[in-house]
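So the structure is just underneath, and the comments pick up after that.
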Amino acid sequence: MQIDAFDFGAINQLHERLCLDFTNSTPYHFNLDADHLNTYADLLSWCLDVDLLREDEVQHLLAAAELQPEAATAAYQKAIALREAIYAILAAISHDQPPAAHDLNTLNTSLAEAMAHMQIVPRDGGYGWAWVGGEDDLARMLWPVAWSAGELLMSGDVRQIRICDGHECEWLFLDTSRNHSRRWCDMKVCGNRAKAKRHYHRSRSDT
């Protein structure tokens, strides 16, 4: 097993919250055939791109996945299930709707697994949280993702979750604009596309 050189930078991740980058690792939640994460190796490549895992940690997990292909497939499937549950929860909240119980159950199951590996450790003259153990756990990258989703849901930022208005774009983002008028995940991508579309229709109308 090896990591293909997919350029996740090409999909212009927003890096607002780890859990949001994870939900935005596919362009279309309504068509997962277009997913950017199709294998366990793809999942590890994404982890590198968002600095979730170091290169040596990725290589360690790749070697473990080679020896445990069924476990690697199971970890990949768990990752996709968690991603879609987080997306469904946050999308529902963005529409002022209650999340489905089964999606919350999926997140809470991942959170329970994550919290078993979270400990308080001395840090910089004080104390902080750290992930401990589980170096060989093929699904270890899901712990901080689930934790990020939990932190977002418990924060005031949860009221700022939006879905991009771009054509066929389902990306989530945090609307931190002063008047809460942000419409697109990225003005340079979906925003410019929308402006070009309006310009095209105005030109056709003038013609």
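The values are calculated or read from the model by the stated rules, or taken from the named source; none is laboratory data. All of these numbers come straight from a predicted model, not from anything done at the bench. Please note: Cβ atoms are built from the backbone with ideal geometry, for glycine as well, and neighbour counts cover all protein chains shown.
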Identify all residues within region 115-157 that are at pLDDT below 95, touching a Leu at 6+ places or on another chain (Cβ under 9 Å) and closer than 23 Å to Y87 by Cβ; write none if there are none. D157
Could you go through region 67-84 and let me know if any residue there is exposed (fewer than 15 other Cβ atoms within 10 Å of the Cβ) and of a type in the set (V, I, T). yes
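A quick yes/no check of all residues on (1) surrounded by fewer than 18 Cβ atoms within 10 Å (Cβ to Cβ); (2) touching a Lys or Arg at 6+ places or on another chain (Cβ under 9 Å); (3) in a loop (DSSP other than H, G, I, E, B):
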site	(1), (2), (3)
S110	no, yes, no
P122	yes, no, no
E170	no, no, yes
R178	yes, no, yes
R183	yes, yes, yes
Residue check: is D49 exposed (fewer than 15 other Cβ atoms within 10 Å of the Cβ) and either touching a Phe, Trp or Tyr at 6+ places or on another chain (Cβ under 9 Å) or acidic (D, E) (or both)? no
Candidate set: region 69-98, residues that are part of a helix (DSSP H, G or I) and closer than 12 Å to I163 by Cβ; chosen: the one nearest to the chain's Cα centre (by Cα): Y87
Restricted to region 1-26 and to residues being assigned to a loop (DSSP other than H, G, I, E, B) and at pLDDT 80 or above, the residue surrounded by the most Cβ atoms within 10 Å (Cβ to Cβ) is N24
If a residue has to be in contact (Cβ under 8 Å) with a residue 24 or more places away in the chain and farther than 20 Å from T26 by Cβ to count, how many in region 152-180 make the cut? 3
